[in-house]
Amino acid sequence: MGAHGPDRVLVVGGGAGGVIATAHLLERVASSADAEPVAVTIIERSPVVGPGLAYTTTHPQHLLNNYAGRMSALDHDPRHFVRWCGQAGLDVTGDTFVSRETYGRYLAGLLDAHPVPPGSRVSRLRDEVVEVRDTGRAYVARTARGASLAADVVVLALGNPPPRRPRGLVVDEERFVENPWDAGLLDRVPDRGSVLLVGTGLTTVDVAAQVAGARPEIRLTAASRHGLLPLRHLEEAPGPVAGLDADSRRLAGVLGEARRHLAGGEDFRCVVESVKAVGNDIWAGLSPRDRERFVNHVARYWEVARHRIAPPMARVVDDLTASGRLTVTTSRDVDPAAYDLVVNCTGPAPVSSTGWNPLVDQLAVTGMLWPGPFGLGVDVDTTGALVDEHGVAARGLYAVGAARRGVEWEVAAVPDIRRQARRLAEVLRPSYAAVPDPLGRLVG
């Protein structure tokens, strides 16, 4: 505990990453005899902390893309979400695919139900952080509404940026939807005609179900470079394969081992589960050249097999394609000018992108945030601490979630985030806690 009281932790972003990180920090304080109390402030623009953009949808066909038994927010309590569902009167097993709206309610109540250790506290502020500066004694954050807050540790839980416009896409602005999650999307879709969905990933599947349900006479085309939709989950969660040796320092070795098991009759999902479990270790062990090969030639095939869709959603897609209402093709086979509306479904841009978040822009301009490998995220060390323009890790400025992409590979799913949160809580030792901070007394 510092001279100013409990160690001050500022969590920037109140979506899944923010509440999961906070819950693990509280758990660490409660379970460790030597852990100091913490005063956590979560700053989030939305009125509700927890769901974030991903889990605010109310569309009944928007389901979790993972089994309920894998979606606990707490790394030390794998059945937490399934148990919460039962307490809420929902008939859910570990193999159920729950609606994202339901999961949003779970996250919204996570911190309310989580005990706060003696001496610690959690507060929430509806605002947006636009600047963070390192005074040498503390981090000082400034918000859009003019508030200043001092913190010993800052955790960036920024979530995913909106998609960026695909390079080379030429379409009139009045016929283009840049962000498919805009609330007014359906207002832009005509009752009849044709809509081009640019991209064939998870976002496209969600948008296709939403648009097709609201506009029965619309014809949809989904196009991407490879023309590959996400593959589907089994009805029951698969386990890993026995004997898969993924301990290779070469991409060719990992791919060869996966092919060997597939050729032996193993379900691809079981192979994916085995590789995914050690995916970040594999990524860390690859040479820069093998990482580049993976990004350029393998990543898309991995993503469609790894990030699968729920069986009920797969049946919706099957019905749409069988009826001719949805056509899936490659980008070279479509002319955007031929469609009444073009929707950008290419998925999130990298967190390090400019223009989507004023704090990211400010940290980049001051050199405190630097793009990570391949421009996929931000540069961080093994604890998640931001690495600056000089290659020096920050003393108390961390990132969780998609921001870590590139340094790690498996970063953005809830199981990835909760593991990051647990490790972060274990290493978190505020750098400034023992230093008297007169500025903090003034603005904290």
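Figure legend. Inter-residue proximity from the range 72-97: first residues over 16 Å from Leu111 (Cα atoms) and without any contact (Cβ under 8 Å) to a residue 24 or more places away in the chain, second residues in a helix (DSSP H, G or I) and not basic (Lys, Arg), beta-carbon distance below 6 Å, spacing 6+ or different chains. Indicated pairs: Val82/Ala68; Val82/Gly69. None of Leu229, Leu234 is crowded, with 18+ Cβ neighbours inside 10 Å and in contact (Cβ under 8 Å) with a residue 24 or more places away in the chain except Leu229. The residues listed here are Gly17, Gly89; of these, the one that is buried (at least 22 other Cβ atoms within 10 Å of the Cβ), farther than 26 Å from Val317 by Cα and at pLDDT 95 or above is Gly17. So, in the range 361-379, exactly how many residues are of a type outside the set (Gly, Ala, Ser) and within 16 Å of the chain's Cα centre (by Cα)? The total comes to 2. Hey, does the range 199-206 have a residue that's over 13 Å from Ile309 (Cβ atoms), part of a loop (DSSP other than H, G, I, E, B) and out of contact with any Pro (no Cβ under 9 Å at 6 or more places or on another chain)? So far as the range 199-206 goes, no, none of its residues is over 13 Å from Ile309 (Cβ atoms), part of a loop (DSSP other than H, G, I, E, B) and out of contact with any Pro (no Cβ under 9 Å at 6 or more places or on another chain). The residue that is farthest from Arg419 (Cα to Cα), counting only those in the range 1-58 that are in contact with a Phe, Trp or Tyr (Cβ under 8 Å, 6 or more places away or on another chain) and assigned to a strand (DSSP E or B), is Gly2.
Going through (1) over 19 Å from Tyr139 (Cβ atoms); (2) charged (D, E, K, R); (3) modelled with pLDDT of 95 or more one by one, Asp381 falls short only on (1). Residue selection: Asp245 satisfies the criterion of being closer than 29 Å to Gly406 by Cβ and over 21 Å from the mean Cα position of the chain (by Cα). When the range 141-172 is filtered for residues that are outside any loop (DSSP other than H, G, I, E, B) and surrounded by fewer than 20 Cβ atoms within 10 Å (Cβ to Cβ), the ones remaining, listed by number, are Arg142, Thr143, Ser148. In the set (1) in contact (Cβ under 8 Å) with a residue 24 or more places away in the chain; (2) in contact with an Asp or Glu (Cβ under 6 Å, 6 or more places away or on another chain); (3) over 26 Å from Leu25 (Cα atoms), Ser331 fails one condition alone, (2). May I ask you to verify whether Gly375 is surrounded by 19 or more Cβ atoms within 10 Å (Cβ to Cβ), under 26 Å from Gly52 (Cα atoms) and not hydrophobic (A, V, I, L, M, F, W, C)? No, not satisfied. Figure legend. Inter-residue proximity from the range 202-217: first residues touching a residue at least 60 places away in the same chain (Cβ under 8 Å) and over 16 Å from Asp318 (Cβ atoms), second residues among the hydroxyl-bearing types (Ser, Thr, Tyr) and crowded, with 18+ Cβ neighbours inside 10 Å, beta-carbon distance below 8 Å, spacing 6+ or different chains. Indicated pairs: Thr203/Thr346. Scanning the range 211-255 for residues that are part of a strand (DSSP E or B) and not polar (S, T, N, Q) yields Glu217, Ile218, Arg219, Leu220, Ala222, Ala223, Arg232. Against the numbered list (1) more than 23 Å from Gly377 (Cα to Cα); (2) in the same structural domain as Gln210 (by TED's automatic domain parsing), Val140 comes up short only at (2).
Residue by residue, here is whether (1) over 18 Å from Pro162 (Cα atoms); (2) out of contact with any Ser or Thr (no Cβ under 8 Å at 6 or more places or on another chain); (3) not aromatic (Phe, Trp, Tyr) holds:
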site: Ala322; (1), (2), (3): yes, yes, yes
site: Arg325; (1), (2), (3): yes, yes, yes
site: Ser331; (1), (2), (3): yes, no, yes
site: Pro350; (1), (2), (3): no, yes, yes
site: Val365; (1), (2), (3): yes, yes, yes
site: Glu389; (1), (2), (3): yes, yes, yes
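Note on the range 273-327: among residues that are in contact with a helix residue (DSSP H, G or I) (Cβ under 7 Å, 6 or more places away or on another chain) and not in a helix (DSSP H, G or I), the one that is surrounded by the most Cβ atoms within 10 Å (Cβ to Cβ) is Leu326.
The values are calculated or read from the model by the stated rules, or taken from the named source; none is laboratory data. All of these numbers come straight from a predicted model, not from anything done at the bench. Because the Cβ atoms are built from the backbone with ideal geometry, glycine has one as well, and the counts that use them run over all protein chains shown.
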